[in-house]
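Trainee: Sharing a structure, written as structure tokens. Questions coming.
The values are calculated or read from the model by the stated rules, or taken from the named source; none is laboratory data. As the structure is a computational prediction, the values presented were derived from the model and not from experiment. As a convention, Cβ positions derive from the backbone with ideal geometry for all residues, glycine included, and neighbour counts pool all protein chains shown.
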Amino acid sequence: MPETPQTLRCGSRHLDLSAPVVMGVLNVTPDSFSDGGRWFEPARAVERARELVAEGAAIVDVGGESTRPGAQPPPVAEELRRVVPVIRALAAELDVVISVDTSRPEVAAAAVEAGAGLVNDVRGLRDPATRAAVAASGAAVCVMHMQGEPPTMQVAPAYVDVVAEVRAYLAERVAACRAAGIGADAIVVDPGFGFGKTLEHNLALFAALERFTTLGVPLLVGLSRKSLVGAVTGRPVEQRLAGSLAAAALAASRGARIVRAHDVAPTLDAVRMGWAARPAPATRSST
């Protein structure tokens, strides 16, 4: 079984992943599912990023496209307008890895030039131009699984074996990134909870998280405030903190090295508890 790298090379930075870290969410969009519009103005976005870092975020993930179910992508020029000034300001001030949440090669290249060290692509770098842009930049990548596209992904998602299919897809995306010149020490995988999956699919993936730690690259999990938490707890978006923290602790106990979250400080506590309580190596699954 391949060993999970202990560091992630993010351009000139090396992120320590010997224990899990938290990626703070910074949506600079008017329509994201949880906090759309709150940080849309650049000055407010920078202020929020400072808060995320003060709470313990090791990564700040800046997103200019809402990928909630039913969302339509903005024009490229608008996405650039949303993210590049914020990333440039954060890179000049904050001593953390800055991530850009995008699938577009133009946005990825501009964001890295502005100071981003990680490209977080919900479409798994399926676009060869995006792979080439990232490979040329030296940035790290997070490849995520998504069935379909945001406008229609939740209409009727279907799998024969969701765990096997998502794992195979991620393995193929890792291989494609490697073939494009992106090093294994600069790749992260994300099973994509809520992206083209029913509640049953999401729960099956969560129960099998350890299978995704055998791909030879770190595992990122994003469950904060998502519909899975709402479906299990019966809570609306603004009341999903407790469920999100439970999910974060469980994800860390099952091998996740990066946990993406809106509420950084309590999530970091949950992640540390989950990591400390993980099974001893001899008892962990090797499948």
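Trainee: Among (1) part of a helix (DSSP H, G or I); (2) touching an Asp or Glu at 6+ places or on another chain (Cβ under 6 Å), there is one condition TYR159 misses while meeting the rest; what is its number?
Mentor: It fails just one condition, (1).
Trainee: Taking PRO2, is it of a type outside the set (Val, Ile, Thr), modelled with pLDDT under 95 and crowded, with 16+ Cβ neighbours inside 10 Å?
Mentor: Details: of a type outside the set (Val, Ile, Thr): yes; modelled with pLDDT under 95: yes; crowded, with 16+ Cβ neighbours inside 10 Å: no.
No.
Trainee: Which ones in segment 148-164 are under 19 Å from VAL221 (Cβ atoms) and either surrounded by 20 or more Cβ atoms within 10 Å (Cβ to Cβ) or charged (D, E, K, R) (or both)?
Mentor: Listed by number, the residues that qualify are MET153, VAL162.
Trainee: Is there any pair with a first residue in segment 131-148 that is within 20 Å of ILE258 (Cα to Cα) and a second that is in a helix (DSSP H, G or I) and β-branched (Val, Ile, Thr) whose Cβ atoms are under 7 Å apart and which are 6 or more apart or on different chains, and what are they?
Mentor: ALA139/VAL112; VAL141/VAL134; VAL143/VAL174; HIS145/VAL166
Trainee: For LEU15, which of the numbered conditions (1) at pLDDT below 95; (2) in a strand (DSSP E or B) fails to hold?
Mentor: (1)
Trainee: Could you tell me whether segment 198-214 includes any residue that is of a type in the set (A, V, I, L, M, F, W, C), buried (at least 24 other Cβ atoms within 10 Å of the Cβ), in contact with a Gly (Cβ under 9 Å, 6 or more places away or on another chain) and in contact (Cβ under 8 Å) with a residue 60 or more places away in the chain?
Mentor: Our first condition is that a residue be of a type in the set (A, V, I, L, M, F, W, C); within segment 198-214, this holds for 199, 203-209, 212.
When the remaining residues are screened for being buried (at least 24 other Cβ atoms within 10 Å of the Cβ), the result is 212.
Restricting the remaining residues to those that are in contact with a Gly (Cβ under 9 Å, 6 or more places away or on another chain) gives 212.
Subset that is in contact (Cβ under 8 Å) with a residue 60 or more places away in the chain: none.
Within segment 198-214, none of the residues are of a type in the set (A, V, I, L, M, F, W, C), buried (at least 24 other Cβ atoms within 10 Å of the Cβ), in contact with a Gly (Cβ under 9 Å, 6 or more places away or on another chain) and in contact (Cβ under 8 Å) with a residue 60 or more places away in the chain.
Trainee: Out of everything in segment 241-270 that is out of contact with any Asp or Glu (no Cβ under 8 Å at 6 or more places or on another chain) and among the polar types (S, T, N, Q), what residue ends up being surrounded by the fewest Cβ atoms within 10 Å (Cβ to Cβ)?
Mentor: Only one residue tops the list, namely SER253.
Trainee: Something else now. Kindly indicate whether GLU238 is over 16 Å from VAL163 (Cα atoms) and either surrounded by fewer than 23 Cβ atoms within 10 Å (Cβ to Cβ) or of a type in the set (Phe, Trp, Tyr) (or both). Talk me through it step by step, then tell me what you get.
Mentor: Details: over 16 Å from VAL163 (Cα atoms): yes; either surrounded by fewer than 23 Cβ atoms within 10 Å (Cβ to Cβ) or of a type in the set (Phe, Trp, Tyr) (or both): yes.
Answer is yes for this residue.
Trainee: Another question, then. From the list GLU200, GLU238, GLU172, pick out the single residue that is modelled with pLDDT under 95, under 25 Å from GLN154 (Cβ atoms), in a helix (DSSP H, G or I) and among the acidic types (Asp, Glu).
Mentor: On the way: GLU200 fails: modelled with pLDDT under 95; GLU172 fails: modelled with pLDDT under 95.
Every option except GLU238 fails the conditions.
Trainee: Now, a different point. Take the residues in segment 66-88 that are of a type in the set (Val, Ile, Thr) and closer than 27 Å to LYS197 by Cβ, then tell me which one is modelled with the lowest pLDDT.
Mentor: Restricting attention to segment 66-88, the residues satisfying the condition of being of a type in the set (Val, Ile, Thr) are 67, 76, 83-84, 86-87.
After this cut, where a residue has to be closer than 27 Å to LYS197 by Cβ as well, the list is 67, 83.
Working: THR67: 77, VAL83: 95.
This residue is THR67.
Trainee: Find the residue count for segment 111-148, including only residues that are part of a loop (DSSP other than H, G, I, E, B) and basic (Lys, Arg). Step through it out loud before you land on a result.
Mentor: Step one: filter segment 111-148 for residues part of a loop (DSSP other than H, G, I, E, B), giving 115-117, 122-127, 138-139, 145-148.
Still in the list and also basic (Lys, Arg): 123, 126.
Number satisfying all stated conditions: 2.
Trainee: Go through segment 165-186 and report how many residues are aliphatic (A, V, I, L, M) and closer than 21 Å to LEU223 by Cβ. Don't jump to the end; show me each part of the working.
Mentor: Start the filter on segment 165-186 by keeping residues that are aliphatic (A, V, I, L, M), which leaves 166, 168, 170-171, 174-176, 179-180, 182, 184, 186.
Subsequent filtering for residues that are closer than 21 Å to LEU223 by Cβ retains 166, 170.
Summing the residues that are aliphatic (A, V, I, L, M) and closer than 21 Å to LEU223 by Cβ in segment 165-186 gives 2.
Trainee: Only one of (1) crowded, with 17+ Cβ neighbours inside 10 Å; (2) not in a strand (DSSP E or B) is not met by VAL221, so which one is it?
Mentor: Result: VAL221 fails condition (2) only.
Trainee: Taking the residues in segment 38-57 that are surrounded by fewer than 20 Cβ atoms within 10 Å (Cβ to Cβ) and of a type in the set (Gly, Ala, Ser) as candidates, determine which candidate is farthest from the chain's Cα centre (by Cα).
Mentor: ALA43
Trainee: Go through segment 253-281 and give me each residue that's farther than 21 Å from LEU52 by Cα and basic (Lys, Arg).
Mentor: Within segment 253-281, ARG254, ARG278 meet the criteria.
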